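Novice: Before we start, here is the structure in question, set down as structure tokens.
Please treat every number below as a calculation from the coordinates, not as lab data. Computed from a predicted model, the values in this text were never measured in an experiment. Reconstructed Cβ throughout: ideal geometry from the backbone, glycine too, with neighbour counts over all protein chains shown.
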Amino acid sequence: MIGADHTVKLLRSSTIKIINNKTMATYKQIQNDVKINNNKSVKTCWIAHVKELNGLNPRRAFNRKSNKRVYECPDDKRLIIEESMMRFGMLKK
């Protein structure tokens, strides 16, 4: 069992953080994973929306003006983002 915060090295000198026994990939890592596995591009705001929908509580963007979401994640993109998060261990299957 992993305690506290750790960092794990991945292939291609990439790292993911383990926080409270959950792995946390960066938005860039999720974008790259989606591109490689689905040949689709996703916006970081969509990733944040999917994280929020799954209870992962993303940080508030520094340039956010209100509590209202400007760009909600489309349903077809939500599925591929969630699949990527599952591959990184952020979500359970």
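Novice: Under a point spin-label approximation (7 Å from Cα along Cα-to-Cβ), what is the T26-L53 distance to one decimal in nm?
Specialist: Inter-label distance under the simple model: 2.5 nm.
Novice: Let me ask something else about it. How big is Rg to Rh over the stretch 26-87, alpha-carbon atoms, Rh as the Kirkwood inverse-mean-distance radius?
Specialist: Details: Rg = 11.3 Å, Rh = 11.9 Å.
That ratio is 0.95, to two decimals.
Novice: Sum up the charges of everything whose Cβ sits under 12 Å from the Cβ of P58, counting Lys and Arg as +1 and Asp and Glu as -1, but leave P58 out. Don't skip to the end; give the middle numbers.
Specialist: Details: positive: K51, R59, R60, R64, R69; negative: E52.
Result for the neighbourhood of P58: +4.
Novice: Rank the residues I30, I36 as a footprinting-exposure proxy: fewest other Cβ atoms within 10 Å of their Cβ go first. Walk me through the numbers on the way to the answer.
Specialist: Values: I30 23, I36 9.
Neighbour counts put them in this order, fewest first: I36, I30.
Novice: Less than 14 Å Cβ to Cβ from R78, Lys/Arg counted +1 and Asp/Glu -1: what total charge do the surrounding residues give?
Specialist: -1
Novice: With Cβ to Cβ distances under 11 Å as the rule, what net charge do the other residues near Q31 carry (K, R +1; D, E -1)? Write down the numbers at each step before the final one.
Specialist: Values: positive: K28, K35, K40, K43; negative: D33.
Neighbour charge sum, excluding Q31 itself: +3.
Novice: Can I ask one more? Contour minus end-to-end for S66 and N39, with contour as 0.36 nm per residue of separation and end-to-end as the Cα-Cα distance? Write down the numbers at each step before the final one.
Specialist: Working: separation 27, 0.36 × 27 = 9.72 nm, distance 3.21 nm.
Gain on stretching S66 to N39: 6.5 nm.
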